[in-house]
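Below is one structure, written out as structure tokens; the observations come after it.
Values quoted throughout were computed directly from the atomic coordinates according to the rules given, and no laboratory measurement underlies them. Just so we're clear, the structure is a prediction, and the values are computed from it rather than from any experiment. Here the Cβ positions follow ideal geometry from the backbone for every residue, glycine too, while neighbour counts run over all protein chains shown.
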Amino acid sequence: MPHALRLLAAALASLPPLLAAAPAGDFAPQGTRATLTVDFTYQATGRRADKYDSREWKVLRTLHMDATVTARQPALLAMLSAPEAEQTAKLKQQAAEANRITQQAAPMMAGAEAIMAKCGDDDKCLEREAMKLGQAMAGQPQVAATAKAMERFADNQAAQANRYQAWTGQSQTGSYRIEEKVRIVHADPICMSLPTARCTRIETRGGEGRIKLTDASTGAVELDLAKGLLTIHPPMSPEALAYTETVVTDEPEGTHSVPTPRGAQPRQGVFLKSPSNGTLVSPSFTAPLKGGWRSQSGIQTVPLGGKDEASGTLTMKWRFQVQ
């Protein structure tokens, strides 16, 4: 009987979190390392013109990233993506059931806690008082109903298997290359002095280099074993990339409020900006598993709906390999 009382207290105390799940599936041990490699290629080529002005561009940027990620404990809920509506509804239902069981068991729990507080480690006292409590509650419908509800709840919890395993960043490194050229022709009034009454401005940007090893990774992976999917958060450079910009123009002095610098100028910028808000682009995606999930690869293409040079296509060639 004392052991039963302790089990009752432990069981009731564990109901609210509802996060326990039975181990299941082919998951990697926690701490296992894997490599997430992504080759990014951004290309944009085009021309825009009207009666007075024109703009032509040709952009090629490449970024190679190698990230080391480590496995977390398998989990019932996703870490890197929002829970599904069906799963959320089920968890809410379970939480309500757990709360209802806790309320139903409150008298039994109070009695058990009082006995344990009174008797401590005295087994004879625990047995004597537990018998009294059992006799007092014997035949009460609420007791039988609560016991059945607890048993049903425990069976439902045990039937739920872990579904997800997240792999989060440990370190990353990479390299990049930038090649861009933009040709602008415009009919600013100050250009009327030129033979064609148009000014021409050619902007050339280029550079390449290594990305230093960092002690954290912006990349992450999550396995959904139930649906056979991998969610990929590609690693991106956390630092600005260095390049040079050279502008050649026949624009007369005074065309711009800030005079155009002469010769190659050092610049820095992120690999890719969002057309909507100018922030760093790092598109996530989900890919179906092909064979054993410990070695997966694929190609993702993302068209970007920006303006001019920001209207290109991002291609990501990726590979996930467990070490």
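Work out from phi, with θ = phi - 60° and the Karplus expression 6.51 cos²θ - 1.76 cosθ + 1.60, the ³J(HN,Hα) of each residue of segment 31-42, listed in order in whole Hz, and give x for Gly and Pro.
x, 4, 9, 9, 10, 10, 10, 9, 9, 9, 9, 10
In whole angstrom, note down how far apart the Cα centers of segment 215-261 and segment 283-320 are.
Value for the Cα centre distance between the two parts: 16 Å.
When ranked by the protection proxy of mean other Cβ atoms within 10 Å per residue, highest first, what sequence do the peptides 63-74, 222-233, 294-305 form? Write out the running numbers ahead of the final one.
Working: 63-74: 20.8, 222-233: 18.8, 294-305: 13.4.
Answer by packing, highest mean first, reads 63-74, 222-233, 294-305.
Collect residues whose amide H, placed 1.01 Å from N in the peptide plane, falls under 5 Å from the amide H of D250; neighbours closer than 5 in sequence don't count.
Close amide H contacts, sequence-distant or interchain: T200.
For a protection proxy built on the mean count of beta-carbon atoms within 10 angstrom, sort 211-218, 250-257, 166-173 highest first, please. Mind showing how you got there, number by number?
Working: 211-218: 15.4, 250-257: 12.1, 166-173: 20.0.
Most protected by this proxy first, the peptides run 166-173, 211-218, 250-257.
I need the phi-derived Karplus couplings for segment 184-190: 6.51 cos²θ - 1.76 cosθ + 1.60, θ = phi - 60°, integer Hz, Gly and Pro marked x.
10, 10, 9, 10, 4, x, 5
Residue separation times 0.36 nm, minus the C-alpha to C-alpha distance between L80 and Q30: what's the value?
Stretched out fully, the L80 to Q30 stretch lengthens by 16.3 nm.
Scan around G46 for amide H atoms under 5 Å from its own, H built in the peptide plane at 1.01 Å from N, and keep only partners 5 or more places away or cross-chain.
It is W57, by chain and number.
Give me P(r) over segment 181-323, computed from all C-alpha to C-alpha distances, binned every 10 Å, as integer percentages.
9, 26, 28, 18, 10, 7, 2, 0
For a quick check: with amide H placed at 1.01 Å from N, whose amide H comes under 5 Å from F285's, ignoring anything fewer than 5 positions away on the same chain?
I232
Which aspartates and glutamates, on any chain, are close to K307 with Cα under 19 Å apart, when same-chain ones fewer than 8 places away are left out?
In chain and number order, the partners are D50, D53, E56, E179, E180, E203.
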